[in-house]
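The values are calculated or read from the model by the stated rules, or taken from the named source; none is laboratory data. Note that this is a predicted model, so its numbers are computed, not measured. Don't worry about glycine lacking a Cβ; one is built from the backbone with ideal geometry, like all the others, and counts go over all protein chains shown.
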Amino acid sequence: MEKKLPKIEIIEKYCKGCHICVEFCPTKVLEMQGFVAAVKNLEACIKCMQCELRCPDFAIKVITE
Amino acid sequence: MAFDYEKWLRPNKLPHIWCPGCGHGIVMKGLIRAMETLKLEKENTTIVSGIGCASRLPGYIDCCTLHTAHGRAAAFATGVKMAKPEMNVILVGGDGDGTAIGGNHFIHACRRNIDMTYIIMNNYIYGMTGGQFSPCTPTGHKASTTPYGNPDPGFDIAKLAIGAGATFVARGTAFHANQIDKLITEAIQHKGFSVVEILDDCPTTYGRRNKFKSVIEMMNRLKEVAVPVKAAEKMTAEQLQGKVLTGVLYKEEKAHYTDEYAKVIERAKAAK
Ligand SMILES: Cc1ncc(C[n+]2csc(CCOP(=O)(O)OP(=O)(O)O)c2C)c(N)n1
Ligand code: SF4
Ligand code: SF4
Ligand code: SF4
Ligand SMILES: [Mg+2]
C-alpha cells in the first residue's frame, strides 16, 4: 500500500530561522534555505508532529488528512 | 492533524516580538492547546501577566487578558478571581517578574491556595531588559550584572511554591513541547493554586553569555537535564546529580480560597 504523505506548510513570513524544526526532526525531512525552513525530503516524514509542536513561531504545519 | 491555533490568536498580532528560538512561543502554544483540550471559552478565561518578554504573552491570545505592572500579576489575578470566582484565571510571566519583584505576591497566592494557575517561564534571566541576573540565575552563571559569575544560589521555583502552600506543582521544559499542554491542562483542572514552571531558553541574553553556541545547544541541555519523576525513582543520588525533575511534582487536595471566602460571606450574613 502506498504511504500517504502529509502536507507540510511553512509560513515564510512567520519563520524566524531558528533551526529548531530542522535540527530535531528525527528523519531529517527539513532543511534551512537561507533564513527560512524548507522541506527537503517529504518521503521520510513519519508525521510525528515534533516540528509543529516545537516551532516557537506558528510557522510550520503538518497537515495529515 | 495540524492544530488550529488561529482560533485562539488575535488577528494580525503575528509574528510575535520574541527572538528567534525563544521558548516563550513554545509555551504559549502549549497553553493554547490546553485551553482547547479543556474547552475553555474566551469569555470565561482571563490571562494575567506582569512585565517582561514572557509577560507579553496575553497580548497574543484572544480571550480576557490583563497586562499589568511588573511583578503584580498575582495581585491583579486575585482581584479578578475574587470578583468572578467562576472565571478560569491563568497567570503567566517570567522568572524575574515572578520571583524577584513579584516574589511576595507569588508566595502569598500559594499560601492562600486561591484557585488559579500560574505558568512561570524560567529562562534564568531578565531577558527583556538585557540580561541582568534574576533570583533563578544558577550559581556561577553570567549575566550583565554578574560578568564574573553569579555568587548567589538560584531559587528552586517548585520547592518555593510547595513550601509556600501551592497545592499543585509541576515542571516541564520548552524542549518537551508535547508535555507542556498536558501539565497545564492538569494544573487548570486542579482546584487550588497550581504552579507550572517551564524551563525555558533565552538565547539572546542568557545563551550568548553562558557559552551556548546556539538555541539548539540550549534545547539539548534542557533535554539532557530533565528527568521524569517516575524515572527518577529508580535512579541513585549520584545519577541524579545535575538533573532536574519534570512532571507533576506535588499534588494535594485542600480547601481553596474562593470557597472559603464564600463561607465567610455566609457567616457574616447570618451574624446580622
Ligand atoms: C517597577 C519596574 N521595575 C523594573 C522594570 C524593568 N523590567 C522590565 S522586564 C524586567 C525583567 C523581566 O524578566 P523576566 O520576568 O524573567 O522575563 P523575561 O524577559 O526573561 O521573559 C524588568 C526588571 C519595570 N518594567 N518595572
Ligand atoms: S512531522 Fe516529524 S518527521 Fe515529519 S517533518 Fe515534522 S518532525 Fe520531521
Ligand atoms: S522552528 Fe519555526 S521559526 Fe524555527 S526555523 Fe522552523 S519553521 Fe522557522
Ligand atoms: S530577549 Fe530572551 S526572553 Fe526576550 S524575547 Fe529574546 S530570547 Fe526571549
Ligand atoms: Mg526571565
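When the stretch B:166-180 is examined, which residues are found to be in contact (Cβ under 8 Å) with a residue 24 or more places away in the chain and either over 21 Å from B:Leu40 (Cβ atoms) or more than 12 Å from the chain's Cα centre (by Cα) (or both)? Correct list: B:Ala166, B:Thr167, B:Phe168, B:Val169, B:Arg171, B:Thr173, B:Ala174, B:Phe175, B:His176, B:Ala177, B:Gln179. Would you confirm, using the coordinates I've provided, whether B:Gly25 is within 16 Å of ligand 3 (Cβ to nearest atom) and without any contact (Cβ under 8 Å) to a residue 40 or more places away in the chain? Considered against the rule, which asks whether it is within 16 Å of ligand 3 (Cβ to nearest atom) and without any contact (Cβ under 8 Å) to a residue 40 or more places away in the chain, B:Gly25 comes out as yes. Evaluated against (1) in contact (Cβ under 8 Å) with a residue 60 or more places away in the chain; (2) under 23 Å from B:Thr145 (Cβ atoms); (3) away from ligand 1 (no atom under 16 Å from the Cβ), B:Thr205 falls short on exactly one condition, (3).
Sort out which residues of the stretch A:31-65 are surrounded by fewer than 22 Cβ atoms within 10 Å (Cβ to Cβ), touching a strand residue (DSSP E or B) at 6+ places or on another chain (Cβ under 9 Å), more than 10 Å from every other protein chain (Cβ to nearest Cβ) and not in a loop (DSSP other than H, G, I, E, B), and write them in order of number. Those that are surrounded by fewer than 22 Cβ atoms within 10 Å (Cβ to Cβ), touching a strand residue (DSSP E or B) at 6+ places or on another chain (Cβ under 9 Å), more than 10 Å from every other protein chain (Cβ to nearest Cβ) and not in a loop (DSSP other than H, G, I, E, B): A:Glu31, A:Met32, A:Val36, A:Ala38, A:Val39, A:Leu42. Residues in the stretch B:78-116 that are in contact (Cβ under 8 Å) with a residue 60 or more places away in the chain, under 23 Å from B:Cys53 (Cα atoms) and part of a loop (DSSP other than H, G, I, E, B): B:Met116 only.
Do we find that B:Ala166 is in a strand (DSSP E or B), away from ligand 1 (no atom under 12 Å from the Cβ) and away from every other protein chain (no Cβ under 14 Å) in this structure? Judged against the criteria, B:Ala166 is not a match. Evaluation of B:Arg56 against the conditions (1) assigned to a helix (DSSP H, G or I); (2) within 20 Å of B:Gly30 (Cα to Cα); (3) without any contact (Cβ under 8 Å) to a residue 40 or more places away in the chain shows that the sole unmet condition is (3). Quick one: is B:Asn104 at pLDDT 95 or above, more than 16 Å from ligand 5 (Cβ to nearest atom) and surrounded by fewer than 19 Cβ atoms within 10 Å (Cβ to Cβ)? Yes: the conditions hold for B:Asn104. The set of residues from the stretch B:116-155 being away from ligand 1 (no atom under 14 Å from the Cβ) and within 15 Å of the chain's Cα centre (by Cα) comprises B:Met116, B:Thr117.
Tell me whether the stretch B:32-45 contains one or more residues that are within 13 Å of the chain's Cα centre (by Cα), within 14 Å of chain A (Cβ to nearest Cβ) and either on the phi > 0 side of the Ramachandran plot or in a helix (DSSP H, G or I) (or both). No, the conditions are met nowhere in the stretch B:32-45.
Determine, yes or no, whether A:Cys48 is touching a residue at least 12 places away in the same chain (Cβ under 8 Å), under 19 Å from B:Asn220 (Cβ atoms) and under 9 Å from the mean Cα position of the chain (by Cα). No: the conditions fail for A:Cys48.
In the stretch B:175-271, counting only helices (runs of 4 or more DSSP H) that sit wholly within it, the ones holding 2 or more residues that are within 14 Å of chain A (Cβ to nearest Cβ) and touching a strand residue (DSSP E or B) at 6+ places or on another chain (Cβ under 7 Å) span B:177-189. Residue count for the stretch A:13-30 under the criterion of being surrounded by 14 or more Cβ atoms within 10 Å (Cβ to Cβ), within 14 Å of chain B (Cβ to nearest Cβ) and either over 17 Å from B:Trp18 (Cβ atoms) or hydrophobic (A, V, I, L, M, F, W, C) (or both): the result is 9.
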